[in-house]
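Structure first, commentary second.
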Amino acid sequence: QVRLVESGGGLVQPGGSLKLSCAASGTSGTIFSIWPMAWSRQAPGKQRELVATITGGRTTTYADSVKGRFTISRDNAKKMVYLQMNSLKTEDTAVYYCNDARPSNLRPWGQGTQVTVSS
């Protein structure tokens, strides 16, 4: 079973930065390297929204709300996906999840990692 475990969340002040990590296990690096990956987030009372995606070839896409502030990256050898978040806003507060970017190939959702942007 492939597992995806998010980490790196926490409490940060507006304007601050945070880097999230997603570790994949139960699969090889070569298999992981072809997966397009995504970070999504869900705030209380709101539906999950796509934040960023990255292909195996490291082509990226971003939601308009985070463009210029967030950067998604990956290390296939380490089977890791990262989300560098800068200039954080209160509206970025949410639980952040990583998963296969393909809706038809989603792995079971994990616990995610909580990001709280507040003074």
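The values are calculated or read from the model by the stated rules, or taken from the named source; none is laboratory data. Since we're looking at a predicted model, the values are computed, not measured. Virtual Cβ from ideal backbone geometry, glycine too; neighbours counted across all protein chains shown.
Flag not set for MET80, criterion: touching a Phe, Trp or Tyr at 6+ places or on another chain (Cβ under 6 Å) and of a type outside the set (Val, Ile, Thr).
Regarding LEU106, is this residue in contact with a strand residue (DSSP E or B) (Cβ under 8 Å, 6 or more places away or on another chain) and more than 16 Å from GLY9 (Cβ to Cβ)? First the steps, then the outcome.
Details: in contact with a strand residue (DSSP E or B) (Cβ under 8 Å, 6 or more places away or on another chain): yes; more than 16 Å from GLY9 (Cβ to Cβ): yes.
Here the answer is yes, as LEU106 does meet what is asked.
Just one residue in the set SER119, SER21 is touching an Asp or Glu at 6+ places or on another chain (Cβ under 8 Å) and of a type outside the set (A, V, I, L, M, F, W, C); that residue is SER21.
Is it the case that ARG69 is basic (Lys, Arg), modelled with pLDDT of 95 or more and within 11 Å of the chain's Cα centre (by Cα)? Reasoning before the result, please.
Details: basic (Lys, Arg): yes; modelled with pLDDT of 95 or more: yes; within 11 Å of the chain's Cα centre (by Cα): no.
Judged against the criteria, ARG69 is not a match.
If you go through region 80-94 and pick out every residue that is touching a residue at least 60 places away in the same chain (Cβ under 8 Å) and under 27 Å from VAL2 (Cα atoms), you end up with 5. Of all residues in region 5-30, exactly one satisfies the criterion of being modelled with pLDDT under 95 and surrounded by 14 or more Cβ atoms within 10 Å (Cβ to Cβ), namely THR27.
Which residues, taken from region 31-47, are touching a Phe, Trp or Tyr at 6+ places or on another chain (Cβ under 9 Å) and under 16 Å from ASN76 (Cβ atoms)? Residue satisfying the conditions is ALA38 alone.
Here ARG107 clears all of (1) touching a residue at least 60 places away in the same chain (Cβ under 8 Å); (2) within 12 Å of the chain's Cα centre (by Cα); (3) under 13 Å from ALA38 (Cα atoms) except the condition numbered (2).
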